[in-house]
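The values are calculated or read from the model by the stated rules, or taken from the named source; none is laboratory data. In this text, all values refer to a predicted model and were calculated from it rather than measured experimentally. Here the Cβ positions follow ideal geometry from the backbone for every residue, glycine too, while neighbour counts run over all protein chains shown.
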Amino acid sequence: MAAIDGLPPLRDVIARHGLDARKALGQNFLLDLNLTQKIARTAGPLEGVTVFEVGPGPGGLTRAILSLGAKKVIAVERDARCLPALAEIAEHYPGRLEVIEGDALKTDFEAMAPDGPVKIIANLPYNVGTQLLVNWLLPRNWPPFWQSLTLMFQREVGLRIVADESDDHYGRLGVLCGWRTEAHMAFDVPPQAFTPPPKVTSSVVHLVPRQEPLPCNVEKLERVTQAAFGQRRKMLRQSLKSLGGEALLARAGIDPARRAETLSVEEFCRIANLL
Ligand code: SAM
């Protein structure tokens with residue numbers, strides 16, 4: 001029996017193309033099109049939007065994005081075994097799916113961005129997810145080429161992405177995401193939703209770029225957060241010693257007895273701007 005989009009069920013696609021999941025490629029597939037549609041809907045309206053997807057695998061999320069009316073999906077997949085299955089989807093949606101075989105970490109998404117709105121939606125391979133997110137947060141231009149990022153991570157990483165200073169998961173990633181975006185947790189996905197099930201719960205996170213983030217040099221911001229969170233239990237006078245310690249903090253008007261995890265993004269930017 002065909003699935004809701006008229007294509008074969010994903011379980012059949014996987015069996016027919018011999019797509020046994022490979023751990024080294026972070027392959028945990030989603031086979032439920034209702035769930036993949038829920039992920040795709042988190043990105044908001046898709047009509048007229050070009051979607052970049054990383055790691056389409058057998059295409060469960062790709063199919064959801066296309067069925068919800070995206071103008072086009074440009075998907076980067078490293079595993080050549082998935083290409084015949086994706087070609088069937090491309091045939092079902094003529095001219096709307098372009099698959100690039102390659103490593104997303106080496107892909108210049110900004111250079112590939114067409115005119116018109118772009119959204120990024122992906123169930124990311126866990127071993128490269130955080131690096132891809134950081135790359136998308138640091139494009140050549142800001143506001144960036146994308147309107148939103150809707151991404152699946154391990155829940156633990158998702159919590160770090162959306163964390164602020166009121167939260168135990170706050171760290172370098174939370175500062176970077178909070179500086180450039182408004183990030184929120186959309187929903188959790190239990191291990192049983194994947195084939196094969198991963199060990200931990202996953203979460204879908206949605207990030208929208210701030211149009212005017214606080215002016216700050218990213219390298220300096222990273223130097224400050226690296227030093228501060230590198231010794232997160234220490235007072236800032238100690239952890240920021242190599243960058244100027246007490247004198248730097250006095251200029252920023254920040255109590256040197258505070259710890260990294262109590263500083264807001266605005267305070268981190270204030271320190272970075274004084275380096
Ligand atoms: N999107 C599919 C789904 O939701 O069922 C598959 C998700 S699976 C977690 C991650 C996918 O990313 C796999 O298809 C894997 O082959 C692919 N992948 C892993 N590393 C990659 C990389 N560096 N660049 C592009 N794709 C990659």
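Residues in the stretch 236-259 that are in contact with a Lys or Arg (Cβ under 6 Å, 6 or more places away or on another chain) and touching a residue at least 24 places away in the same chain (Cβ under 8 Å): Leu236 alone. Scan the stretch 36-60 and report the pairs whose first residue is without any contact (Cβ under 8 Å) to a residue 24 or more places away in the chain and within 18 Å of Leu132 (Cβ to Cβ) and whose second residue is part of a loop (DSSP other than H, G, I, E, B) and of a type in the set (A, V, I, L, M), with Cβ atoms within less than 8 Å and a gap of 6+ or a chain change. Every condition considered, no pair remains. Only one of the numbered conditions (1) without any contact (Cβ under 8 Å) to a residue 60 or more places away in the chain; (2) surrounded by fewer than 19 Cβ atoms within 10 Å (Cβ to Cβ) is violated by Lys72, and that is (2). Determine, yes or no, whether Leu25 is out of contact with any strand residue (DSSP E or B) (no Cβ under 8 Å at 6 or more places or on another chain), surrounded by 16 or more Cβ atoms within 10 Å (Cβ to Cβ) and farther than 22 Å from Ala186 by Cβ. When the stated conditions are applied, Leu25 passes them. Only one entry of Gln154, Gln131, Gln147 meets the criterion of being of a type in the set (S, T, N, Q) and over 12 Å from the mean Cα position of the chain (by Cα), and that entry is Gln147. Looking only at residues of the stretch 170-216 that are acidic (Asp, Glu) and in contact (Cβ under 8 Å) with a residue 12 or more places away in the chain, we find that the one that is nearest to Phe145 (Cα to Cα) is Glu182. Of the candidates Val76, Val49, the single residue that is within 7 Å of the ligand (Cβ to nearest atom), of a type outside the set (Lys, Arg), over 17 Å from Phe194 (Cα atoms) and out of contact with any Cys (no Cβ under 7 Å at 6 or more places or on another chain) is Val76. Restricted to the stretch 107-127, and to residues that are more than 15 Å from Ala75 (Cβ to Cβ) and within 15 Å of the ligand (Cβ to nearest atom), which residue is surrounded by the fewest Cβ atoms within 10 Å (Cβ to Cβ)? Applying the filter and picking the extreme gives Asp108. Quick check: is even one residue across the stretch 65-72 under 25 Å from Val157 (Cα atoms), assigned by TED's automatic domain parsing to the domain that holds Lys23 and within 15 Å of the ligand (Cβ to nearest atom)? Within the stretch 65-72, one or more residues are under 25 Å from Val157 (Cα atoms), assigned by TED's automatic domain parsing to the domain that holds Lys23 and within 15 Å of the ligand (Cβ to nearest atom). The single residue among Leu159, Leu176, Leu138, Leu207 that is modelled with pLDDT under 95, away from the ligand (no atom under 15 Å from the Cβ), among the aliphatic types (A, V, I, L, M) and within 18 Å of the chain's Cα centre (by Cα) turns out to be Leu138. If the condition is being over 20 Å from Ser202 (Cβ atoms) and surrounded by fewer than 19 Cβ atoms within 10 Å (Cβ to Cβ), then the stretch 28-67 contributes Gly44, Pro45, Glu47, Gly48.
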